[in-house]
Structure formats: structure tokens, C-alpha cells
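Trainee: Just dropping this structure here.
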Amino acid sequence: MDTFFVAISLFRRRKYDECIEVCNGLLQNNALHQGPWELKMRSMTQRVYIDDIEADDDVAEDILDTHTIATAPRPGTSIRTAAALAGSTAAGKATAAGARPRTGTGRPITGISRPGTLSLQRPGSTLGNKTAMKTARTAGSARNIRLGSASMFAVGDPTGPLFHVSRLHPDKYADKDCLSKPLFQYLYYHEGEIRKAMALCDAVLNLKRTEAGWWWNTQKARCLIATGSPREAEPYLRVALAQMYHPDTVLLLARIYIKIDQPTAALEVCKYGLERLPNDVTLLTQQARVLELVGNLTASVRRYRQISQWDPMNTEALACIAVSYFYGNQPETALLYYRRILSMGAHSAELYCNIGLCCLYGGQLDLVFPCFQRAIRMATTPELKADIWYNLSFVAMTTGDQHLARRCLRLCIATNGSHGAALNNMAVMVARQKQFSKAKSYLMAAKGALRNCEEIQNNLEYIENFE
């Protein structure tokens, strides 16, 4: 069998490491053979490829001042105002839908962690009293990943660096359609050289102009978004949509409006996209996420129900529906959805913690502690462990075991010293023992972690009356 055909077969079967080894052998015989060189470049790209549209979970906190539209937007039209409103009630009783605990990004904790949300979780963010946590589905931002040290044709050593990025001249490859696209993907995803990738896009767009196609306009906009220029990327995406209505282009345009805190415009983009691409799951998911960010949880859950009809295996939709039942005082129904997620192979600490909370409120007390024991064993990060200990302390308080509740709170604070809700609850338990000075110190630490929490401020004023 021809060796190059073997390499192509390995690539199609996603055996990228083996494909690279075969290509290295071919390049040792003929270092100027373009076929193996291009296939090796594609394999190295696919080996580290991450969908950056899914991986990047941007919110309005990182907006530059030049992108600010209004200092006091109308309610329901800004992500920042929705996040601030939720932050003021984060440590209180989370019984109403508008008072659900949220992550550091301002997103309600719904039972699933989207890509990018865990890294943006601020220290001290609370899960509230009735807290359904996240089921992990994490990924890093693609523009921050630089796996592999590949550094233009390496004639001397085919097994070494593929080429030297600093010596790349984009104009030489702009007219080579079979090479320019994989070269761009290699520069963007594998090397992380956004500027070089954008220079290649400019060379192709300047050479072909209107004949460049929607793909190059979309990639140009992608590079501009990655370099922090979302406003400049918008015209390129509009041109790409006029050439071809692709879901990725719609999602990138919606992401621009999220970056500049215009969720209403993002919803309109998704709406027009769904008119051209009816029942597209990715666009429905984006629409549901934006509705969730602005606090319209009812409409968001309605979108997730529609998603679950078209994609019954969508864990994000199932988890969001489950948490809506949980806060709607229907823990038994929420437990059915969480068990369905569990049956699909999603075993994580967050999921078992959710199941334990649903069992607690559903009256299945014999299953509560086994679920939390497994959640503690599977927890990896200190913040996650602290959240589980905090939820377990609430379980103990619900069952009347004050001693166990105090021990769980101490373990939570020892794991994460800036857990505001745990510090507040610890202050309440200490105050019941008439140790008001110690309770005040806990409340001061809790106030440092959650500055806008009304409950902590009220407890602090109450304690000061006894001094």
C-alpha cells in the first residue's frame, strides 16, 4: 500500500500522532514533497483544535471604556445590570427565580458549566442556600493554547519544527487555495500567532477582494475578536453573512454584541439566523444563554425545552430544565433530569452534588450523604471542594445536626477562605453561642468577599447592637 495513502487513512481515522510519524518518514525521503508537509500541518492542527466559539464565554466585565454605550441602560437590556442585581442577592435565600445564585461571570448556576465559565469564577462567589451546582464541561480558550512547539519548510530536519513563523511571508501563499486555509488554521490554533494569521487573511482579501468568500471574512473577524477589536470585526461578519448564512458566522456576530453589552442586538441576530436556519440547535442555545444572562429565565428555559426536543442528548438543556424544576419546588422532577444526565455518562462531582440536593428536598434522605461522599471524592479544585462542603453544611442544618454543620463550614472556610456565604453562616452559628466578637470577625471577612450582600450587612448591624 502506498505510504502517503496510509497517512491519509490515519488522518481520516483521527490518529494524528501516527499520521505525523508517517509524514515524517516521507519527508525524510523528500523534504520538498508538499503533500506530506500539508498533511502533517493539518494533523498538528487537528491534534490541538478547540472550537473557540464554544470555548470562549465572554461577558460584559471585560469591555473597554471605548465600547461603553450607556452608563444607565434600561432594565433587561444589559448583562452588567443583571449581574449586579443578582450579586446583591447571591448570599440570601435563593427561592425565587430572580434570586438564584450566580457564578462570577454573572450567569445563574444551572447545573452545567459551559466552556470558559470555571476559569472566570471569582473567589468568594456563593451558591446560596438551595444551590444546584454545575456539571463540568470545560475547555480553555483556543487563543490561549499553544500546545506543541512547532516553529517555512524545514528542509534540514523533517521531524523538527514544521517551519519558522517569523520567516513566513503571507503574500506567497495568498493565491494557493489548497494551502492557505490549512496554513491559517495552523497559525491560529496550533501556533497561537493571531497577528500572522490575520496578515494571511489580509493578503487573501486584498488579492481576491469580492471573490475571497465568506470563510476568509469570518476568519478575519475571528482574529479581530481575539485581538480585542470586536467593533472592527462586525463589518466582516456582515459581508460573510451576505455571502453565506453559516451558524458560526451568526454566533461570532452575536458574541460581538455580548462583548459590547448589547444582548438585545445579540438576540435579534440569533432570531434572524433562526429564520434562515430553522431549529438550529447552536443558535437556539446561544439565544437561551443570552436570555439567561439578562435574567429572563422563563424565556431561557422555554428555549432549552425546545432544544431538548431537537437534541435529547443535550446535557446543557437538560441541566437547565432540571434547575428550573428545582427552584420551582419540584425536586423529584429535577432528579429525573439529573439522573438522565448521569445515565449518559456524565460522572462529576457537581452532578452528584446536584442529585444529593434533589434527594434532600425530595425526602430521599438515605441517598443524600452517599451522593455527597462521592462528590467530595471526585472534587478536584479547592473552590469546588469548598462549594460541596458548604452545601453539605446546609444539609446538616436541615437535618438538625448543628455539630456536623459547624464542622462542614470550617472545612469549607479552610479550603476557600473567601467563601462569603460560609463565613456568614459560621458567624450566625457563633453568635448563637453568644460569641459576638468572633461572629463580627467572621462577618467582616464575609463582607470583604461579598461586598454588596444585604444579608451580611444586616447581620453585621445586628451584631454591633450587642457590643
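Trainee: Suppose every Lys and Arg Cβ carries +1 and every Asp and Glu Cβ carries -1, with no other charges. What dipole size does segment 326-467 come out with about its Cα centre, to the nearest 20 debye?
Mentor: I would put it at about 400 debye.
Trainee: Follow-up question, since we're still on this one. Segment 380-467: percent of C-alpha pairs farther apart than 20 Å?
Mentor: Tail of the P(r) past 20 Å holds 32 percent of the pairs.
Trainee: If you don't mind, another one. Rounded to the nearest 0.05, what FRET efficiency do Gln433 and Lys15 give with R0 = 56 Å and r taken as the Cβ-Cβ distance? Could you check?
Mentor: 0.30
Trainee: Roughly how many Å is it from the Cα centre of segment 180-221 to that of segment 334-358, as a whole number?
Mentor: Between the Cα centre of segment 180-221 and that of segment 334-358, the gap is 42 Å.
Trainee: Sticking with this one: Note the full-extension length gain between Asp202 and Asn458 as 0.36 nm times their separation in residues minus their Cα-Cα distance, in nm to one decimal.
Mentor: 86.4 nm
Trainee: Also: Pick out, from Ala212, His246, Ala174, the residue whose Cα sits farthest towards the positive end of the charge dipole of segment 169-275, with +1 on the Cβ of Lys and Arg and -1 on the Cβ of Asp and Glu.
Mentor: Most positive-ward Cα: Ala174.
Trainee: Rounding to the nearest 20 debye, state how big the charge dipole of segment 202-311 is about its Cα centre with +1 on each Lys and Arg Cβ and -1 on each Asp and Glu Cβ.
Mentor: Value, rounded to 20: 40 debye.
Trainee: Any of Lys15/Lys259; Lys271/Lys385; Lys40/Lys220 with alpha carbons more than 31 Å apart? Name them for me.
Mentor: Beyond 31 Å: Lys15/Lys259; Lys271/Lys385.
Every read-out reported here was derived from the displayed coordinates using simple, explicitly stated rules and does not represent laboratory data. Everything numeric here is computed off the predicted structure, so don't read it as measured data. No Cβ is skipped: glycine too gets one built from the backbone with ideal geometry, and neighbour counts run over all protein chains shown.
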